[in-house]
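J.: Here it is, the structure, as structure tokens.
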Amino acid sequence: MGLLLLGLLLLPCVSGLPFYNGFYYSNGRNPGNGHGQGLFNGVKLVVEMPEETLFTHRGANVTLPCHYHYEPALFTPRPVRIKWWKLSENGAPEQDVLVAIGLRHRSFGDYQGRVHLRQDKEGEVSLEIRDLRLEDYGRYRCEVIDGLEDESGLVELELRGVVFPYQPPQGRYQLNFHEAQQACEEQDAVVASFEQLFRAWEEGLDWCNAGWLQDASVQYPITLPRQPCGGLGLAPGVRSYGPRHRRLHRYDVFCFAAALKGQVYYLEHPEKLTLTEAREACREDGTQIAKVGQLFAAWKFHGLDHCNAGWLADGSARYPVAHPRPNCGSPEPGVRSFGFPDPQSRSYGVYCYRQR
Ligand SMILES: *[C@@H]1O[C@H](CO)[C@@H](O)[C@H](O)[C@H]1NC(C)=O
């Protein structure tokens, strides 16, 4: 919770006031008598936040709304302290985001320089986050502190993204947790959370290899129960091996790539290319060879559809199909993979990524 709250918890002892943890002001000192709106009996501090999850995309600016008021209304504004923090998720520690006392603001860690308290209307203490990062998704708490009172609300921020299973060139079940994190990063993605994998399963993801998730558990999503994938006896679902040893155990990984600002395209080129020639061809076009996460995001959010397999930065060859048709792979939309072909083979084109 940080120093701010600790300080507040100590306050009652210091000032000799009774400590109330409830909703109401009730310190019993001359309620309503004298100046301003001292501490009244029965005045309630109410914090309002949106109930629905906010969806946004990477690189966007987003405002997490938070408003407070008193019931009954007060005539004179009272000084309050505001604290925004991000809840711990998947074993990550909770993070202070911003505290504000009067006009003084302070932001913390990765949020420095990217967050701002919006106070356009009376009682508004919304948090604006600029240039959203992949790690920013999660639940945020807005806390309003008035003297001994302390009320808060929660809002959930989700980035639009796509979950994809990833195997490195060495093959199946080669990655410990740390290597899995790195593998996703190299694809311009992060290790998926359980919630992200679960949503992908609801949307039809079916994968028979187990992969790491953000909380260092290992799971796999099955929509069609079948013999080699845990058998027919188990219902469809996300199946879990539970938490695994981060260093000693090795699996595949589920990565999460967020919607892109940039553009992925299939490079028109007269000949097929080796992997080295493919990298060079994108560079000559003023761009870079695309990463796996970028291809998935372009397929999912920009409807990228191309029947030609192309090299990607990790040395795999794939193609994205948004509208399945004859002679273009399986009847389901998806990103088809040719695995990791011999880098010298001149059998593929290339997908490039243009940053915006
Ligand atoms: C976000 O806000 C900053 C500063 O106000 C602005 O420069 C930037 O263009 C905005 N980004 C988007 C994606 O709107």
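J.: Among Ala235, Gly315, Pro165, flag the residue with its Cα farthest along the positive direction of the charge dipole of the chain, charges on Cβ as +1 for Lys/Arg and -1 for Asp/Glu.
T.: Of Ala235, Gly315, Pro165, it is Gly315.
J.: Test of understanding: in a Gaussian network model of the chain with alpha carbons linked when under 10 Å, which of Glu271, Glu158, Glu202 would top the mean-square fluctuation ranking?
T.: Evaluated over the chain, the most mobile residue of the options is Glu271.
J.: Filter the cross-link list Lys121/Lys300; Lys83/Lys261; Lys86/Lys261; Lys272/Lys300 down to pairs whose alpha-carbon distance in this structure exceeds 28 Å.
T.: Correct reply: Lys121/Lys300; Lys83/Lys261.
J.: Report the local net charge at Ile222: Lys and Arg +1, Asp and Glu -1, summed over other residues whose C-beta lies under 9 Å from its C-beta.
T.: Details: positive: Arg226, Arg239; negative: Asp206.
My count for the surroundings of Ile222 gives +1.
J.: Would you work out which of His67, Ala100, Trp84 lies farthest towards the positive end of the dipole of the stretch 52-101? Charges go on Cβ: Lys and Arg +1, Asp and Glu -1.
T.: Ala100
J.: Another question, if that's okay. With a 1.4 Å probe and all protein chains left in place, how much of the accessible area of the stretch 202-293 comes from carbon and sulfur atoms, in whole percent? Please list the in-between numbers first.
T.: Numbers: 2350 of 4630 Å².
Answer for the stretch 202-293 is 51 percent, counting heavy atoms of protein chains only.
J.: Let me ask something else about it. Just from its helices, what would the mean residue ellipticity at 222 nm be for the chain, if runs of 4 or more DSSP H residues each count -39500 (n - 2.57) and the sum is divided by every residue, rounded to the nearest 500 deg cm²/dmol? Let's see the in-between values first.
T.: On the way: 5 runs with 54 residues, N = 356.
Calculated mean residue ellipticity at 222 nm is -4500 deg cm²/dmol.
J.: Then there is this: Heavy-atom accessible area of Asp150 with all protein chains present, probe 1.4 Å, nearest 10 Å²?
T.: 60
J.: Using the Cα centre of the stretch 161-257 as the reference point, and only Cβ charges (+1 on K/R, -1 on D/E), how large is the resulting charge dipole? Debye, rounded to the nearest 20.
T.: Details: 8 positive and 10 negative charges, 95 e Å.
The dipole of the stretch 161-257 has a size of about 460 debye.
J.: For the chain, what is Rg from Cα atoms divided by 2.2 N^0.38 Å, rounded to two decimals?
T.: Working: Rg = 25.9 Å, N = 356, 2.2 N^0.38 = 20.5 Å.
This ratio for the chain stands at 1.26.
J.: Hey, got the dipole for the chain? About the Cα centre, +1 on K and R Cβ, -1 on D and E Cβ, debye to the nearest 20? Write down the numbers at each step before the final one.
T.: Working: 37 positive and 42 negative charges, 85 e Å.
The dipole magnitude comes to about 400 debye.
J.: Where both residues lie in the stretch 161-257, what percent of DSSP beta bridges are antiparallel, nearest 5?
T.: Roughly 90 percent of the beta bridges in the stretch 161-257 run antiparallel, per DSSP.
J.: Let me ask another. Write down the accessible area per residue of the chain in Å², having rolled a 1.4 Å probe over the full set of protein chains. Mind dumping the intermediate values first?
T.: Working: 18190 Å² over 356 residues.
Per residue, the chain has 51 Å² of solvent-accessible surface.
J.: Continuing with this model, one more query. Roughly what percent of Cα-Cα pairs across the stretch 260-354 reach past 21 Å?
T.: Working: 1065 of 4465 pairs.
Percentage above 21 Å: 24.
The values are calculated or read from the model by the stated rules, or taken from the named source; none is laboratory data. The structure displayed is predicted, hence computed values, not measured ones. In this analysis, Cβ positions are derived from the backbone assuming ideal geometry, glycine residues included, and neighbour counts consider all displayed protein chains. These area figures cover heavy atoms from the full protein model, side chains too; ligands, DNA and RNA do not enter into them. Shrake-Rupley method; radii C 1.70, N 1.55, O 1.52, S 1.80 Å.
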